[in-house]
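To keep things clear, I will list the structure first and then write my remarks on it.
The values are calculated or read from the model by the stated rules, or taken from the named source; none is laboratory data. This one's a predicted model, so the numbers in the text were calculated from it and none came from an experiment. As a convention, Cβ positions derive from the backbone with ideal geometry for all residues, glycine included, and neighbour counts pool all protein chains shown. Quick note on the areas: whole protein, heavy atoms, side chains included, nothing else; ligands and nucleic acids left out. Shrake-Rupley method; radii C 1.70, N 1.55, O 1.52, S 1.80 Å.
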Number of protein chains: 2
Amino acid sequence: MRIGELSARTDTSRRLLRYYEERGLIVSTRCANGYRDYAGNLVDRVLQIRGLLDAGLPTRLIKQILPCLDKPRVIYFPDATPEMIATLEEERDRMTERVRFLTRNRDAISEYLAAVKEYNLTGSAPPAP
Amino acid sequence: MRIGELSARTDTSRRLLRYYEERGLIVSTRCANGYRDYAGNLVDRVLQIRGLLDAGLPTRLIKQILPCLDKPRVIYFPDATPEMIATLEEERDRMTERVRFLTRNRDAISEYLAAVKEYNLTGSAPPAP
DNA sequence: TCGAACCCTCACACAGGTGTGAAGGTCCAA
DNA sequence: TTGGACCTTCACACCTGTGTGAGGGTTCGA
């Protein structure tokens, strides 16, 4: 598919798709006229990239991580240098940390929203836990 | 405490502490000589801010969210405008989404790392699940 | 009283993700 | 064959979080 379609199907600007390619996150072949040609599986890939970016990971790391998230991954085993393993372990821990933080704060927000709802319903503050 | 101590206790540069203040995320009083004076509870507050920033939330939102995370929060109920409630609900959902994404990808990384470990141990790829 | 270690404001700079627009080529349908 | 929709590259520009340094005060111990 061409860039316009991929853009529409991923709700991602053409600009960003080219940027991701420049960063090595996605690849494309070229038609005879120079237009980019994308494989169908790139839709999922782009969505995954966006999610990881939104989660705070830089493209540099996403590029490292993406191959490991592919299936089958066996073919990537030989590429697993010790440095990369270390980077991945570090990043995994950082992600765990992020999840903890996000979850905790999100729960606090939920709790607050529930309390506000209760307040608006009954006109009085809910009992302290 | 002064900025140097807060900086040391939160492992955050003075520059950033001033920036957070400029953004309205933290407050300080001023000593007679113009030095900033921080309350002790700001240590936790700053760590929380850093966590939220690292989790991908912009200062703009953190500022909105922080008051809801305080205890007791009852005093903030009157401030809960419908727009703010809506913003919070939106952000809560975005955070849930982020958690899902991070967890999924982190698990994939963990799985990959485990497979690599197995591979290095036995010299052969683990059986496909 | 001097120097070190603080603090202040201001401002320039950078990296990363993203928008926007210019200048131009391609393709298809009216 | 012309117009519009699509594509190309290139470049400037923005915002946000952050570093760094200049120029200048304050505090305190040697």
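General observations
- Of all residues in the stretch A:1-25, those satisfying the criterion of being away from DNA strand C (no atom under 12 Å from the Cβ) and either within 14 Å of another protein chain (Cβ to nearest Cβ) or surrounded by 13 or more Cβ atoms within 10 Å (Cβ to Cβ) (or both) are A:Met1, A:Leu6, A:Arg9.
- Here B:Ile85 clears all of (1) within 12 Å of DNA strand D (Cβ to nearest atom); (2) among the β-branched types (Val, Ile, Thr); (3) at the interface with chain A (Cβ under 8 Å from one of its Cβ atoms) except the condition numbered (1).
- Scope the stretch A:86-103; condition of a type in the set (A, V, I, L, M, F, W, C), more than 20 Å from A:Leu69 (Cα to Cα) and open to solvent by 20 Å² or more (accessible area, probe 1.4 Å); matching residues: A:Phe101
- Tabulated pairs, the stretch A:1-26, first within 25 Å of A:Cys68 (Cβ to Cβ), second aromatic (Phe, Trp, Tyr) and within 9 Å of DNA strand C (Cβ to nearest atom), C-beta under 9 angstrom, 6+ apart or interchain: A:Thr12/A:Tyr20; A:Leu25/A:Tyr19; A:Ile26/A:Tyr20
- The numbered conditions (1) assigned to a helix (DSSP H, G or I); (2) open to solvent by 60 Å² or more (accessible area, probe 1.4 Å); (3) within 14 Å of DNA strand C (Cβ to nearest atom) are all true for A:Ala32 except (1).
- A:Ala39 being away from DNA strand C (no atom under 12 Å from the Cβ), at pLDDT 85 or above and not in a helix (DSSP H, G or I): yes
- Residue in the stretch A:55-68 that is more than 14 Å from every other protein chain (Cβ to nearest Cβ), open to solvent by 50 Å² or more (accessible area, probe 1.4 Å), within 16 Å of DNA strand D (Cβ to nearest atom) and not polar (S, T, N, Q) present: yes
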